[in-house]
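Enquirer: So that we are looking at the same thing, I have put the structure below in structure tokens.
Bear in mind that the values in this text are calculations on the coordinates, not laboratory data. Worth saying up front: this structure is predicted, and the values here are computed from it rather than measured. Don't worry about glycine lacking a Cβ; one is built from the backbone with ideal geometry, like all the others, and counts go over all protein chains shown.
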Amino acid sequence: MITETIPQIVYDKLSTARVIAAFTGAGISAESNIPTFRGDEGIWTKFKPEELANFDAFMKNPKLVWEWYSARKKIIHEAQPNPGHRALAELENIFDEVIIVTQNIDNLHRRAGSTCVHELHGNIERNYCIKCSKTYTDDAILSGEIPPKCEKCGGLVRPDVVWFGEFLPQDEFTASEEAAQRSDVFFSLGTSGIVYPAASIPQIAKYSGAFVIEINPETTPLTEIADVTILGKTGSVLPEIVHRLRSIKTGGKQD
Ligand code: BJW
Ligand code: ZN
């Protein structure tokens, strides 16, 4: 079902659910003014992913890649969680278990208060040396020369994010697969659903029997497997769901 309003079945399924999983992409942070990747406003209309988001590009031109990441670190550092992030964090007060599986590198779910977050594509606030793996905070990196060099071995330091052609962190991916398998209701939120293997997570949820709810202003390849696609922004739709759900759980005393 594709709809612009929230159908009753969403509340019916949530009312009996115990384990909730939410798979998120750049769209959930768009309302925090962090640009998405694809689409008219996406950063990849201006920058080519093959020139910036892979290891060969980094080795060929570390300064260019680092300038791009430094600018994005600044935007993300200054961003605040929006009502969509906060509504997901709020779900922890309603359900036994809420697991966030995110493709985002911006840390906004944790900053909004979510306590169980699996990051499939890394975290832009972390950095590590490509030679000896020593880790660095942003404070240590952004105050020095660009591209940064490791103080221990002189190797190049890179942001701890997953580029094209690189493996996803195995433990995070396994935990995400398990969350998808165990969830009663699974949300797919603000993602184009075209980057693999991350995009296989909603499919695992669907084939494991979860009720899949997609929220996105546009349909995506994941619309095909979603039980309900709500065409809208996560920053408006999620708070509405949470508000109504709280009211149902408290027997209408909140309305
Ligand atoms: C809103 C909204 C609002 C807007 N509310 N919604 C051919 C076929 C299949 C696979 C491949 C292939 N060729 C290569 C591959 C593999 C490749 C891949 O999937 N490529 C496809 C793009 C074709 N994958 C990989 O390389 C992965 N690794 C891998 O496969 O390893 C195995 C391997 C190892 C060795 C050799 C070969 C294979 C790694 C993928 C890493 C992705 N990394 C990035 C960059 C992270 C770092 C950084 O940020 O700089 O991760 S790419 C980028 O895309 C980022 C995102 O996490 C990811 C997904 O994007 P997302 O989140 O979906 O954002 P958008 O912009 O696409 O969509 C936003 C959505 O929000 C839209 O739908 C809007 O409508 C919506 N929206 N406002 C709700 N308010
Ligand atoms: Zn080093």
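Enquirer: For segment 152-255, run through the GluC sites (Glu not before Pro) and keep only the ones in DSSP coil with at most 11 other Cβ atoms within 10 Å of their Cβ.
Expert: Sites meeting the loop and neighbour criteria: Glu218.
Enquirer: Additional query: What size of dipole, in debye to the nearest 20, comes out for the chain about its Cα centre when the only charges are +1 on Lys and Arg C-beta atoms and -1 on Asp and Glu C-beta atoms?
Expert: On the way: 26 positive and 34 negative charges, 95 e Å.
Charge dipole, the chain, about its Cα centre: 460 debye, nearest 20.
Enquirer: Moving on to the next point. With +1 assigned to the C-beta of every Lys and Arg and -1 to the C-beta of every Asp and Glu, and no other charges, what is the dipole magnitude of segment 121-255 about the Cα centre in debye, to the nearest 20? Each step should come with its number before you reach the end.
Expert: Details: 13 positive and 18 negative charges, 48 e Å.
The calculation lands at about 240 debye.
Enquirer: Specify which residue in the list Ser188, His118, Val162 is farthest towards the positive end of the charge dipole of segment 112-225, using unit charges on the beta carbon of Lys, Arg (+1) and Asp, Glu (-1), about the Cα centre.
Expert: In segment 112-225, that residue is Val162.
Enquirer: Amide H to amide H under 5 Å from Phe37: which residues, 5+ apart in sequence or cross-chain, H placed 1.01 Å off N in plane?
Expert: Ile43
Enquirer: If you filter segment 24-101 for GluC sites (Glu not before Pro), then keep DSSP loop positions with at most 15 other Cβ within 10 Å, what is left? Provide the component values of the computation, followed by the final result.
Expert: Details: sites: Glu31, Glu41, Glu50, Glu51, Glu67, Glu78, Glu90, Glu92, Glu97; in loops: Glu31, Glu41.
Sites meeting the loop and neighbour criteria: Glu41.
Enquirer: Given axes a ≥ b ≥ c from the Cα gyration tensor, I'd like to know whether segment 95-219 is rounded (a/c under 1.5), prolate (a/b larger than b/c) or oblate.
Expert: Values: a/c = 2.43, a/b = 2.24, b/c = 1.08.
Prolate, because a/c is 1.5 or more and a/b exceeds b/c.
Enquirer: Kindly work out what percent of the DSSP beta bridges joining two residues of the chain are antiparallel, to the nearest 5. Show your work: numbers first, answer last.
Expert: Working: 8 of 33 bridges.
Of all bridge pairs located within the chain, approximately 25 percent are antiparallel.
Enquirer: Quick one: 3J(HN,Hα) in Hz for segment 202-214, Karplus 6.51/-1.76/1.60 with θ = phi - 60°, rounded, Gly and Pro as x.
Expert: x, 5, 4, 4, 4, 6, 8, x, 6, 8, 9, 10, 9
Enquirer: Also, quick follow-up: Could you give the radius of gyration (one decimal) and Dmax (whole number) of the Cα atoms in segment 1-123, in Å?
Expert: For segment 1-123, the Cα radius of gyration and maximum Cα-Cα distance read 17.1, 54 Å.
Enquirer: Tilt of helix 62-78 relative to the longest C-alpha principal axis of the chain, in degrees (0 to 90, nearest 10)?
Expert: Once rounded, one gets 40 degrees.
Enquirer: Can you give the calculated 222 nm mean residue ellipticity of the chain, where each DSSP H run of n ≥ 4 adds -39,500 (n - 2.57) and the sum is split over every residue, rounded to the nearest 500 deg cm²/dmol? Spell out each step's value before the answer.
Expert: On the way: 11 runs with 95 residues, N = 255.
The helix-only estimate for the chain comes to -10500 deg cm²/dmol at 222 nm.
Enquirer: OK, next. Work out, step by step, the length gained on full extension between Asp40 and Glu92: first 0.36 nm times the residue separation, then minus their alpha carbon distance; give nm to one decimal.
Expert: Working: separation 52, 0.36 × 52 = 18.72 nm, distance 3.42 nm.
Once the chain is fully extended between Asp40 and Glu92, it gains 15.3 nm.
Enquirer: On to the next question. For the chain, with a Gaussian network of springs between Cα atoms less than 10 Å apart, report the residue from Thr223, Thr191, Thr45 with the top mean-square fluctuation.
Expert: Checking each option, the largest mean-square fluctuation is seen for Thr45.
Enquirer: In addition: Amide H of Tyr128: which non-local residues (sequence gap of 5 or more, or other chain) have their own amide H closer than 5 Å, using H built in the peptide plane?
Expert: Hits under the 5 Å cutoff: Tyr136, Arg158, Asp160.
Enquirer: Using Cβ contacts closer than 10 Å as the measure, can you line up Ser15, Ser183 from fewest to most? Each step should come with its number before you reach the end.
Expert: Working: Ser15 11, Ser183 27.
Listed from fewest to most nearby Cβ atoms, that is Ser15, Ser183.
Enquirer: How far is it, in nm, from the label point at Val195 to the one at Glu67 when both lie 7 Å from their Cα along the line to the Cβ?
Expert: Modelled inter-label distance: 2.3 nm.
Enquirer: For the chain, just say rounded, prolate or oblate: build the C-alpha gyration tensor, square-root its eigenvalues into a ≥ b ≥ c, call rounded for a/c under 1.5, and beyond that prolate if a/b exceeds b/c, oblate if not. If you can, show how the numbers build up before the last one.
Expert: Numbers: a/c = 2.04, a/b = 1.97, b/c = 1.03.
Since a/c reaches 1.5 and a/b is larger than b/c, the shape of the chain is classed as prolate.
Enquirer: Now for a separate question. Using the Cα centre as the reference, give the magnitude of the dipole from point charges on the C-beta atoms of segment 156-196 (Lys, Arg: +1; Asp, Glu: -1; all else neutral), rounded to the nearest 20 debye.
Expert: On the way: 2 positive and 7 negative charges, 32 e Å.
So the dipole magnitude of segment 156-196 works out to roughly 160 debye.
Enquirer: Here's a follow-up. Compute the angle between helix 234-249 and the longest alpha-carbon principal axis of the chain, please, reported from 0 to 90 degrees and rounded to the nearest 10.
Expert: Roughly 40 degrees, rounded to the nearest 10.
Enquirer: Hey, which of these cross-link pairs are over 22 Å Cα-Cα: Lys73/Lys152; Lys48/Lys134; Lys206/Lys249; Lys60/Lys149; Lys46/Lys149; Lys74/Lys131?
Expert: Working: Lys73/Lys152 24 Å; Lys48/Lys134 29 Å; Lys206/Lys249 26 Å; Lys60/Lys149 15 Å; Lys46/Lys149 28 Å; Lys74/Lys131 26 Å.
With Cα atoms farther than 22 Å apart: Lys73/Lys152; Lys48/Lys134; Lys206/Lys249; Lys46/Lys149; Lys74/Lys131.
Enquirer: Let me ask you something else. Starting from the amide H of Cys116, placed 1.01 Å from N in the peptide plane, find each other amide H under 5 Å away whose residue is 5 or more places distant or on another chain.
Expert: Here the answer is Ile100, since their amide H atoms fall under 5 Å of that of Cys116.
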